[in-house]
């Protein structure tokens with residue numbers, strides 16, 4: 001890839017830890033939802049997405065192992081070799 005293009009962005013909701021509506025929802029599920037909607041809003045064919053880079057402020061527990069890749073698989077927008085990377089601030 002010679003050129004990087006940001007086509008769309010989306011974020012997950014922020015809730016109150018351990019008390020909010022999403023306290024029992026896995027981070028990968030929330031992130032997969034964001035990926036699906038970012039691709040839909042961009043109006044691009046999911047097959048044209050070459051890479052996903054996702055920020056994750058506190059990777060721990062089940063989200064501690066490349067949540068971007070897990071979310072991409074969960075969003076059903078990837079093939080077996082689709083790259084994705086998580087970045088901590």
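Against the conditions (1) in contact with a helix residue (DSSP H, G or I) (Cβ under 9 Å, 6 or more places away or on another chain); (2) in a loop (DSSP other than H, G, I, E, B); (3) at pLDDT 70 or above, residue 18 satisfies every one except (1).
Residues in the stretch 22-79 that are at positive phi and at pLDDT 75 or above: 43, 66.
The values are calculated or read from the model by the stated rules, or taken from the named source; none is laboratory data. Since we're looking at a predicted model, the values are computed, not measured. Note that each Cβ is placed from the backbone with ideal geometry, even for glycine, and that neighbours are counted across all protein chains shown.
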